[in-house]
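Shown next, in structure tokens, is the structure this report addresses.
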Amino acid sequence: MRRISFKLFSVLALSAMTMFSCGENGDGNDDVTPNSSSSVGRVYILNEGVWGGNDAELSRYSPEEKTITNDYFSNKNGRGLGDVGNDIEVYGGKVYVIMNTSNTLEVIDKNTGMSVKQVLLTGKQPREVAFYEGYAYVSCYDKSVVKIDTATLNIVAECQIEGGKCEDLCAIDGYLYVANAWSQTGTGSMIYDSVLTVINLSTFQVEKTITIGLNPKTVVPIGEGRIMVSCNGNYANIPSSLSILDVATEQVEKLDIEVSNFAVYNNEYAIVYSYSWTSGQQVYTKLNLSTFVTTPWSSADQVLVSPYGIAIDPKTQNVYITDAQNYQTNGEVYVFDAKGVAMLDKHECGIGPSKIVFL
């Protein structure tokens, strides 16, 4: 699955109480890149499925027609994606889907929905994928990052990392920034890390680490050489927060904003969703990425049970939020206008809808 702070965390840590990469150019088909403004009106929703259920799926949504096609991948390919879909990104002419428990990277033709290749990552428990100059970089729970040539779809190198398990990652100016989040002791106790590991992509070796905040999760570039990182805290007495890293100076600014997930629009603003583990309250905030001033965004909490994925349409600025409900049965996807005032559409999708990408 995609987010340890909601579902997998509840499985791993019951005894202790679980959406955007950057890329350049493409793989020879550079008509679509992540967050491209040339949206052609198709949206993929990754439904992660139940852990151990081998039931991850894709839903394809048409904003113009306001229709959704569920079980899209299996209907196209005659088989399912596998067990626990954790990430989905678009690069060049392909869609890349990370299957955490199945230990695969599923590569799909973005136009036809047909599988191009399954890249085997046996025993690595892949988590997230980012892109840079023709290569895909996959973070894995065995504390490694795998480098894959997007033209041949072959693994070409691997970099081992110390510290907590690898979560999200992003590439900027020849360097890869990887979140080291957590690990477990032999007795099952959680140990939370606080750093980003920095990999020099010219050597594909670890160069340094930067302290960013407790239990870092999502890593997103926000322009002007800055990265925004959500840090989950310890789900108890240390709350979640947002940190801003200036990659040139390595200065970190911590924002006093609790966060469960967020989406960035055009490096201008972010919509931040937070859930309080103590009060059970949902809060939605609009964050200006120049001034870091926040304003209330929406009353989506009135309709959403278990908000999970969030994304902003790069063409319309409409905000998509998925509701995982109980994480065991089909969830829903909601479409709100940019101001969060009007709910424009709503559809049932698959189990655990967690990540949204625009084609």
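Computed from the coordinates by the stated procedures, all read-outs in this text should not be read as laboratory data. Predicted model only: the values in this text are computed from it and were never measured. Here Cβ is always computed from backbone atoms with ideal geometry, including for glycine, and neighbour counts include all displayed protein chains.
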Computed D for region 119-269, Stokes-Einstein, Kirkwood radius over alpha-carbon pairs, 25 °C, 0.890 mPa s, to the nearest µm² per second, is 156 µm²/s
Taking the alpha-carbon centre of each part, the distance from region 293-309 to region 213-287 in Å is 15 Å
Which of [x] 15.9; [y] 22.5; [z] 17.7 gives mean projected area of the Cα convex hull in nm² as computed here? It is [x]
Of the listed links Lys143/Lys208; Lys254/Lys355; Lys66/Lys346; Lys147/Lys355; Lys143/Lys217, those spanning more than 20 angstrom between alpha carbons are Lys254/Lys355; Lys147/Lys355
Expected unfolding gain across Met114-Thr211 under the 0.36 nm per residue rule, minus the alpha-carbon gap, is 30.8 nm
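Quick one: if the Förster radius is 30 Å, what FRET efficiency do Ser62 and Asn326 give, using the C-beta to C-beta distance and rounding to 0.05?
The computed FRET efficiency comes out at 0.65.
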Rounded to the nearest 0.05, FRET efficiency between Phe204 and Asn288 (Cβ-Cβ, R0 30 Å) equals 0.25
With -39,500 (n - 2.57) per DSSP H segment of 4 or more residues and division by the full residue count of the chain, the 222 nm estimate, nearest 500 deg cm²/dmol, is -500 deg cm²/dmol
For region 44-87 the translational diffusion coefficient, Stokes-Einstein from a Kirkwood Rh over Cα pairs at 10 °C and viscosity 1.306 mPa s, in µm²/s, is roughly 149 µm²/s
In whole angstrom, the spacing between the Cα centers of region 67-97 and region 326-343 equals 20 Å
Ratio for region 69-134, C-alpha Rg to 2.2 N^0.38 Å, reads 1.06
Two pseudo-spin positions, 7 Å from Cα along C-beta at Ile155 and at Asp301, lie apart in nanometres by 4.4 nm
Low-density loop chymotrypsin sites (Phe, Trp or Tyr not before Pro), region 82-139, at most 13 other Cβ within 10 Å, DSSP non-H/G/I/E/B, are none
